[in-house]
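The values are calculated or read from the model by the stated rules, or taken from the named source; none is laboratory data. Because the structure is a prediction, the values reported are computed rather than measured. Please note: Cβ atoms are built from the backbone with ideal geometry, for glycine as well, and neighbour counts cover all protein chains shown.
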Amino acid sequence: MTLSRLSSGRVLHVLLLAAALTLTPAREAHAYLDPGTGSFIFQIVVATVCGAGFAIKMFWSRICARFTRSSRSDSDRKP
Amino acid sequence: MTAQTEAIPSSFRDPSGFVFRHDGRLYRQVNTSYREHYDRLMASGLYQSLVSDRMLIAHTEAHPKVARNGDAYVFLEPQVVSFISYPYEWCFSQLKEAALLTLDVQSRAIEYEMTLKDSSAYNVQFVDGHPMLLDTLSFAIYEQGQPWVAYRQFCQHFLAPLALMSYRDVRLSQLLRVHLDGIPLDLASSLLPMRTRLRPSLLMHIHLHAKSQRHFADKTVNTRGRKVSRIGLLGLIDSLRSAVKKLHWRPAGTEWADYYGGTNYTDAAMLGKQATVAEYLDTLKRGMVWDLGANTGVFSRIAAERGARVTAFDIDPAAVEKNHLEFCKQGDVCVLPLVLDLTNPSPATGWANRERMSLLERGPADTVLALALIHHLAISNNLPLHMIAGFLSELCDTLIIEFVPKSDSQVQRLLATREDVFPNYTQEAFEHAFARHFTLMRSERVADSERTLYLMRKEPLRD
């Protein structure tokens, strides 16, 4: 948490700049809400972080599920 | 719109359609501009999936006899919600359940290649204790790479108030009454304690989010065409869900079981009061009942068991929380508990003061229960009896009210620390004040107490 306190603003600026520079156009959405510029750009950064976390979480849960399944089927096979 | 057709004033922001009342029935017009999205909602199976899981209010396509304007694609008649409540009237768990519903709907929508284009807390209503999405037009076809346009709104309408209620004070939900588009994140960030910065989800979705808003506030950035991957979008929803799930609130230092025990009733008096209220309710039509100052909801339950649609109001968020967690569970009767300060009831707010209805506009109820309430209004809040009678006559057709005399220990407790400036607080004055607005039907002394229960019917004002 020291990182977030000392340099969260700087890290955020770098990430926001990277997001603003590297992104490519998508089709226009049917939206009436103003997502807000700060929120919109921020979401792009956050979604990258959360997406990576989510992918790891999904991967891990599949591994766990496989082990659980195989150990369950092992115990099912026991007489 | 004809003389019998009236547009609902809260339904104007989204150009996809609007809600109106015609000949006493509620309809939603779907505009042609929304056709593609509506057809996808209905044809993809998303609508059926959400309705069968009680996540979305059901509708039928209708043909009201209204002058058809060029914009209309189809008319819908939605299932009617018996009482419209607002987020600033909800307890902590109600707001939390509404937040989780919104995220669950969004996850389900993505499975069907659609997305929520808004995430307003006002789009959620409680039906039989379940939060349900009210707005059929909240869905849009999901385009690959499209960010969640309602992310800011979700944080403002749900995450910020929940975090403030959980970490700072539950009464901060009342900020939603002032900030109709949710609590500004810079305000939430400044009010939240430092330790919330140690919670990664709150650090991210509130504190850094607020910083980003501040950073871009005076900058013009072309945001068209910025992409968020599908896994990124799912990760964002998952992160918000986990942030919301980790927020909790309980009244400080208490256990639910002993939170309420402080009444001055003997068992006989309580049983007698319950029997009399039940007897009064049995003589009335089953309709909408408002229990004002509902406390533990004992009398709300009696009304609900008789088939009434009951809303239980209380000023104490803890009482409302307890009632929400206990009512509507499996096999139990259903009551909608809401937070309300009767001396300052929810006003008409929003655009032209017509966007969100006042309490009065949502009435009148068929019956109001005002039990063990009059002394709080007359003595704690210095309200003259004739003003209480006048206000209650605007709220209901039939009134069941309890008079608590000055000699009662609860009134004595209220007077213990202040001068008694209430020479007119007498049973005679009470009856006289209420006789101006109501006809007395019945009255009974509560057994083993000095209190009296009255059943009154509203009548036209006499001079």
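General observations
- Taking the stretch B:314-336 as the range and being closer than 15 Å to residue B:129 by Cα and part of a strand (DSSP E or B) as the test, the residues that pass are B:335, B:336.
- Of all residues in the stretch B:176-210, those satisfying the criterion of being surrounded by 15 or more Cβ atoms within 10 Å (Cβ to Cβ) and without any contact (Cβ under 8 Å) to a residue 12 or more places away in the chain are B:197, B:200, B:203, B:208.
- Residue match in the stretch B:19-30 (condition: without any contact (Cβ under 8 Å) to a residue 24 or more places away in the chain, surrounded by fewer than 19 Cβ atoms within 10 Å (Cβ to Cβ) and outside the structural domain of residue B:304 (by TED's automatic domain parsing)): yes
- Residues (at the interface with chain A (Cβ under 9 Å from one of its Cβ atoms) and within 23 Å of residue B:190 (Cα to Cα)) located in the stretch B:136-155: B:150, B:151, B:152, B:153, B:155
- Checking each residue in the stretch B:262-293 for being assigned to a helix (DSSP H, G or I) and of a type outside the set (D, E, K, R) picks out B:268, B:269, B:270, B:271, B:272, B:274, B:275, B:276, B:277, B:278, B:280, B:281.
- Answer residue from the stretch A:22-79, given it is outside any helix (DSSP H, G or I) and among the basic types (Lys, Arg) and is modelled with the lowest pLDDT among those: A:27
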